[in-house]
Each structure stands twice: as structure tokens, then as C-alpha cells.
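Visitor: Handing you this structure, nothing more for now.
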């Protein structure tokens, strides 16, 4: 089913989109591959409280505990998790995960050893056997929805969900349509037990003009006393290109592939590195001088472009912090999806 087949951020749009965090009734979720918590935060705003939060990286768990000490956060690999040992996850309202990005041509018969991301996707779907949630939400790359090379994975998902009595839909949403100042397409899988899918509606895009990079970061760029921040912000009058967190296994932080770096350069931003601090008062912004004349973004600024609130703390050293932020699901998009899923569940 595509979006057309259904019947029927922080910043200037947040107040219009954000739900009351006291929404009642509160629903229960199990969060897997939680990362920096973008998906979990958005779902919390939409009325879901996690009974358990899973991730396999220590620094990620430190981030989650720092921001939500009341959450039950466990450092565990998804494939090692046994619901029988944590029966509070049985029959939760929602199983949700922002899974590591499945890259390359997907072949459902490949092993986890040759493609860890694909193995985690399969493990997430198979987790439904033990948990039996009322609904499922998984977020990944848009290609997983649109490209023929991923058809074996989609077929695997369809078979497993049908066997368990779930109906499902794949679709692509762009976070920019929900108040995030970034051109960021996300591939979404939702599934419901019973007739929940018939009641689900893809969240409507906001009607506000999109927030630009300059609008989102102008104030922070002036935070170190740099007098050129307003001029820089005025010309940074477009969405950010898709931010890519990159692999945990190699390299430092940067803002993406060559095409993304070129897009950043057109806004006078050096996309090849992440700064420790915003520009100092004596910084001379002159992109004609190349990288040394461009501004660099900090991790906190990248977090703003991902839709994280200012009070969300990211733990670890700079590269680890950037990886967490860049790989996250933008919270405003997660909230919009969560509100739509919540409405479908409460209507059952």
C-alpha cells in the first residue's frame, strides 16, 4: 500500500505540531535500536511511554539515561534480547525502532555476518512473535520502500506480518514537511493487528513555509560574538541537505557525501568537519578563500537541524555525539507518526 492508497521541530512550527505530553490515556511502547532517542522522544510527545528501551552502545545508553532517567534503558544487542525474560513488553501498544540504515542491495538470504543492518531489520520483525504488539513502527532509508533491489526484504516482511495477523504499509515521508529544517526522506514501515491499518492516516504535512538553515542556526552562530552571523544566516536561505551520521567503525564526523558538501559550501559552510565551537568574534567569513573562510557546524547545531530540543543532552566525545545525532530519527517527524498511530489505536 502506498501513501495515496490510504483513505482519506523545534522552532516556528513546534507549538503547532507538539502534543500535550500529558495526553491521556498514555500508551505503552517498546523502543529498540533507540540511538540518541529521536524516535522515542517524538513518540513520548505523542503519548507513548516506553516500558523498555534497548540499544547496544554504551554511549547511547548514557545519552538516554541522562535525558530520561525514569526510562528503563538496557545495553543489549537486539538479536540477544529475549522477551520471555522481560515480560513487561508483552502486548505493548507499539514496538518502534529507528534501525541502522540498511545499505546496498538487500538480499533477504544474506547473513547477519555479511550485513549486520539487514540482520537487525529481520530481528526487529521477528521480535513480533514474542512481543505481540498492537502496532509496529520502523524507520529506515527511503530506498527500502522504493527500490526493486530491496524487494526480497519487503517480501520477507510481508510474509512474516501476514503469518502473525498484521496488515502493513510502506511509505516515504520527508522530515521537512513536519518542521525540520532539512531535506530528509525517511522510509517508514507501519503495521497493525486487526483492522488498525484501515484507521491509520499518514500524517498531514505542516502548511507553514519550511524553516531554513539560517532561520534555525542564526542565533546560535552569533553565540560566540561573531558579528557576521546575520549576514551568513540571510544567505543560508534553504533547507539543509540530508545529514548522514556515518559509520561507527571508521572516520570522523562530517556532513555527508560529496554532493552534500557542495550544497553546504553554497551556504558558506564547510561540510567536511564538525566544529568544537561556533565562530569567534574575529572570524572572517569569506567562502572565496575555500574551507578556511567557511563556517563549521557544531554537534549542537546539527542537533537543531535534526529537530532535537535545546535541552536534549548528547553524551560522549565529539565524533560519538555526532554519530548519535546524525543517525537519529527527527523527533518532530516521530511525533507526527506517533500521533497518527495513537489515533488509529484508540479508534479500535
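Visitor: Scan segment 97-121 residue by residue and report those that are modelled with pLDDT of 85 or more and either in contact with a strand residue (DSSP E or B) (Cβ under 8 Å, 6 or more places away or on another chain) or not assigned by TED's automatic domain parsing to the domain that holds residue 335 (or both).
Guide: 97, 98, 99, 121
Visitor: Looking at segment 307-348, which of the residues that are farther than 17 Å from residue 66 by Cβ and not in a helix (DSSP H, G or I) is modelled with the lowest pLDDT?
Guide: 348
Visitor: Further question on the same structure: Which of the residues spanning segment 248-296 are in a helix (DSSP H, G or I), in contact with a helix residue (DSSP H, G or I) (Cβ under 6 Å, 6 or more places away or on another chain) and surrounded by fewer than 17 Cβ atoms within 10 Å (Cβ to Cβ)? Before you say what the answer is, go through the steps one by one.
Guide: Restricting attention to segment 248-296, the residues satisfying the condition of being in a helix (DSSP H, G or I) are 258-265, 287-293.
If we keep only those that are in contact with a helix residue (DSSP H, G or I) (Cβ under 6 Å, 6 or more places away or on another chain) as well, we get 287, 293.
Matches in segment 248-296: 293 only.
Visitor: Looking at segment 130-144, which of its residues are farther than 20 Å from residue 35 by Cα and either part of a strand (DSSP E or B) or at pLDDT 95 or above (or both)?
Guide: Passing the criteria: 130, 131, 132, 133, 134, 135.
Visitor: Among what's in segment 75-97 and is out of contact with any helix residue (DSSP H, G or I) (no Cβ under 8 Å at 6 or more places or on another chain) and in a loop (DSSP other than H, G, I, E, B), pick the residue that is surrounded by the fewest Cβ atoms within 10 Å (Cβ to Cβ).
Guide: 77
Visitor: Quick one: would you say residue 347 is touching a helix residue (DSSP H, G or I) at 6+ places or on another chain (Cβ under 6 Å) and surrounded by 24 or more Cβ atoms within 10 Å (Cβ to Cβ)?
Guide: Against the criterion (touching a helix residue (DSSP H, G or I) at 6+ places or on another chain (Cβ under 6 Å) and surrounded by 24 or more Cβ atoms within 10 Å (Cβ to Cβ)), residue 347 does not qualify.
Visitor: Okay, next question. If you scan segment 171-218, which residues turn out to be within 21 Å of residue 271 (Cβ to Cβ) and assigned to a helix (DSSP H, G or I)?
Guide: 175, 176, 213, 214, 215, 216, 217, 218
Visitor: Quick check on segment 219-228. Is at least one of its residues outside any loop (DSSP other than H, G, I, E, B), surrounded by fewer than 21 Cβ atoms within 10 Å (Cβ to Cβ) and outside the structural domain of residue 342 (by TED's automatic domain parsing)? I'd like the intermediate steps shown before the answer.
Guide: From segment 219-228, those outside any loop (DSSP other than H, G, I, E, B) are 219-221; that's our starting set.
Retained after the next criterion (residues that are surrounded by fewer than 21 Cβ atoms within 10 Å (Cβ to Cβ)): 219-220.
Next, from what is left, pick out any that are outside the structural domain of residue 342 (by TED's automatic domain parsing): 219-220.
Within segment 219-228, one or more residues are outside any loop (DSSP other than H, G, I, E, B), surrounded by fewer than 21 Cβ atoms within 10 Å (Cβ to Cβ) and outside the structural domain of residue 342 (by TED's automatic domain parsing).
Visitor: Ok, one more. Taking segment 122-137 on its own, how many of its residues are touching a strand residue (DSSP E or B) at 6+ places or on another chain (Cβ under 9 Å) and over 18 Å from residue 84 (Cα atoms)?
Guide: Residues in segment 122-137 being touching a strand residue (DSSP E or B) at 6+ places or on another chain (Cβ under 9 Å) and over 18 Å from residue 84 (Cα atoms): 3 in total.
The values are calculated or read from the model by the stated rules, or taken from the named source; none is laboratory data. Quantities reported herein were computed from a predicted structural model and do not represent experimental measurements. A quick note on method: Cβ atoms are made from the backbone with ideal geometry, for glycine too, and the neighbour counts reach across all protein chains shown.
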